[in-house]
Each structure stands twice: as C-alpha cells, then as structure tokens.
Amino acid sequence: MKKSFVGLLTITAVLFGTISCNGDKKAKEDAAKETEDAAVIAGSISKSLLTEELKTETIQLLHDLPDSDIPYLISTGEITVNVGDAAYMLPVAKAAELTSMSQKARACGIYLADHKVLAITQQPTAEIEGVLAKLTADLNISYLLDILKESAPKDASKEQVQAFHKAHEDKIIKALADDDKIDIAMDILGGLTAEYACLMANPSLVVKGDAPLTGLSDGMEKRIEMLGEITTDLSEYYPEMKNLKETIAPLKGKLTSIQTARDANADITGIRNSLVK
C-alpha cells in the first residue's frame with residue numbers, strides 16, 4: 001500500500017499535539033480520555049477516527065483495485081460459461097438464512113456478480129433481483145439497485161464495453177463511500193471477488209484465443225492481495241474486517257491460472273461459502 005492508515009493516524013495525533021503547546025491542557029486530557037474510551041468500546045481504534053484523509057485514501061485504493069475482466073470477456077465472447085448449469089452460483093435460498101449485516105453484505109456482493117453474468121448472457125434475473133432487493137433494503141443501500149440495472153450502450157465498441165464494466169464497480173464504491181458505508185463496501189467486494197473466483201473454477205467456463213493473457217488470472221491475484229492489504233488496515237477501525245481478510249486470503253494461491261482454479265474448485269467454493277456462514 002502507498003501508506004499505512006495507522007501511520008497516518010499517528011502523524012495526525014503528533015500534529016494535533018504540536019499545534020498549540022500552550023493550549024488548554026485539561027481539554028487535551030479530556031479529548032485523549034474520550035478517544036481511549038472509544039477505542040476500548042470498539043475493541044480497537046474507534047471508527048470515529050477514520051478521518052476524511054484516511055477515508056479518501058481508502059476510496060482511492062478501492063478504485064485502484066484491478067477490475068475482474070470476467071464480465072467484459074463474457075460480454076465480448078472471449079470466454080463463455082454455461083449459465084444454465086449455475087452450479088458455481090450461490091443458491092438464492094441461502095439469503096433467507098443470513099442474520100448478520102456482514103453476512104448480508106457479502107451475499108450481496110456474491111449475488112451482484114451472479115446478476116451481472118446472467119444479465120450479460122441474457123438469462124432471467126428476476127429471482128436474483130428479488131434477493132438483492134431484500135438484502136439491500138436490510139442494509140439500507142437500496143440505491144445500489146439503480147446501478148445494478150445499468151447496461152452497456154447498444155452497439156457499443158469493445159473499448160466502450162470494457163470501460164462500462166470497469167466504471168460499474170467504481171460507481172458502487174463511490175455510492176457506498178458517500179454514504180459512509182466503507183465496511184459494507186469491503187464486504188460486498190469480498191463476496192463479489194469470491195464469486196468471480198468460483199466462476200473461474202467452473203469447468204463449464206470456456207476460454208477462447210489469448211484471453212488468459214489479458215490479465216484474467218493476474219488481475220484476480222492482485223485483487224485478492226490488495227483487498228487483503230486494505231482489510232488489514234481497516235481492521236483497526238472495523239474489527240470484523242479481520243474475518244473477511246482471513247477468509248478470502250487463501251484464494252490468492254488458487255487463481256494463478258484457469259487450470260489452477262479448476263483444480264481447486266472445491267476449495268474455492270468452500271471459501272466463498274464461508275463468507276456467508
């Protein structure tokens with residue numbers, strides 16, 4: 001990562017302490033006590049200390065995540081998948097079993113990935129849209145449904161289609177960041193990534209031409225690595241992020257190629273399923 005969030009927090013604290021050496025000592029002591037109490041309550045650093053600077057850096061890092069090329073390559077026909085046999089997809093019935101907000105956010109990411117694949121391949125999406133409507137309502141992020149239903153322009157060039165898919169995820173990140181829901185954004189991205197990993201491992205995925213050379217595997221490996229780095233720092237503010245990091249980290253070594261992913265099919269599916277247990 002470019003910077004450590006905790007390091008930035010330390011710098012901020014030092015600067016705060018040197019702004020006015022002659023300030024009200026009592027006020028500083030009271031502020032320090034409040035910060036300490038908040039950290040104890042949160043079990044780590046208080047979420048209230050996620051400053052605008054740190055939030056801005058988090059958002060930028062999320063925007064810098066390598067995009068999965070899977071939706072783009074499916075839309076251009078460079079890879080195909082038999083979505084009639086949707087064995088890699090999370091059953092929609094699973095959504096009814098989820099209780100925690102984190103589980104629901106991760107499932108939301110998983111179903112977002114499935115919806116995108118179904119929409120691109122012109123398959124029915126009503127069932128998944130119904131599940132997503134319920135999950136986003138529970139998470140108070142129903143505005144994501146408007147982004148979900150956007151589609152690439154008709155008669156768009158391959159470059160325009162690629163740009164559309166790359167911008168789609170950024171819109172989701174921005175909407176959640178504007179709503180101060182960075183933790184939900186991370187869980188959604190974790191679920192989304194794990195579901196794309198399941199798709200890579202699906203034996204019905206057919207890769208044509210030089211599609212593997214476009215970064216399909218390299219991008220996913222880097223994506224897992226960066227998500228791990230971001231969750232490491234965010235876990236200082238959101239302790240529940242540690243679980244996300246530990247769950248998705250083993251994906252990295254299983255996505256070095258399409259064949260590697262297929263060989264690890266059961267493991268990858270198990271990792272995805274663990275996100276919603």
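For the range 138-229, take the convex hull of the Cα atoms, compute a quarter of its surface area, and give me that in nm², please.
7.6 nm²
Counting only protein heavy atoms and using a 1.4 Å probe, what share of the accessible area of the range 217-269 belongs to carbon plus sulfur, as a whole percent?
47 percent
Would you please calculate the Kirkwood hydrodynamic radius of the range 59-157 over all C-alpha pairs and express it in Å, rounded to one decimal?
It works out to 14.8 Å.
Please go through the range 74-118 and write out the trypsin sites (Lys or Arg not before Pro) that DSSP classes as loop and that have at most 12 other C-beta atoms within 10 Å.
Answer by residue number: there is no such site.
Any idea how far apart GLU127 and ALA249 come out in nm if each label point goes 7 Å out from Cα toward Cβ?
Those two pseudo-labels are separated by 3.6 nm.
By how many nm would the segment from SER151 to VAL92 grow when fully extended, if each residue of separation counts as 0.36 nm and the alpha-carbon distance is taken off?
Between SER151 and VAL92, full extension yields an extra 19.0 nm.
Compare the Cα positions of ALA126, ALA105, LEU90 along the charge dipole of the range 66-168 (+1 at Cβ of Lys, Arg; -1 at Cβ of Asp, Glu; about the Cα centre) and return the one farthest towards the positive end.
Of the candidates, ALA105 comes out farthest on the positive side.
What number comes out for the charge environment of LYS245, summing +1 per Lys or Arg and -1 per Asp or Glu over other residues with Cβ under 14 Å away?
My count for the surroundings of LYS245 gives -4.
With every protein chain present, what is the per residue accessible area of the range 66-158 (1.4 Å probe, Å²)?
Roughly 45 Å² per residue, with all protein chains present.
If amide hydrogens are placed 1.01 Å from N in the peptide plane, which non-local residues have theirs closer than 5 Å to the one on GLU240?
none
The values are calculated or read from the model by the stated rules, or taken from the named source; none is laboratory data. Worth saying up front: this structure is predicted, and the values here are computed from it rather than measured. A quick note on method: Cβ atoms are made from the backbone with ideal geometry, for glycine too, and the neighbour counts reach across all protein chains shown. Protein only, heavy atoms only, side chains kept; ligands, DNA and RNA dropped before computing areas. Shrake-Rupley method; radii C 1.70, N 1.55, O 1.52, S 1.80 Å.
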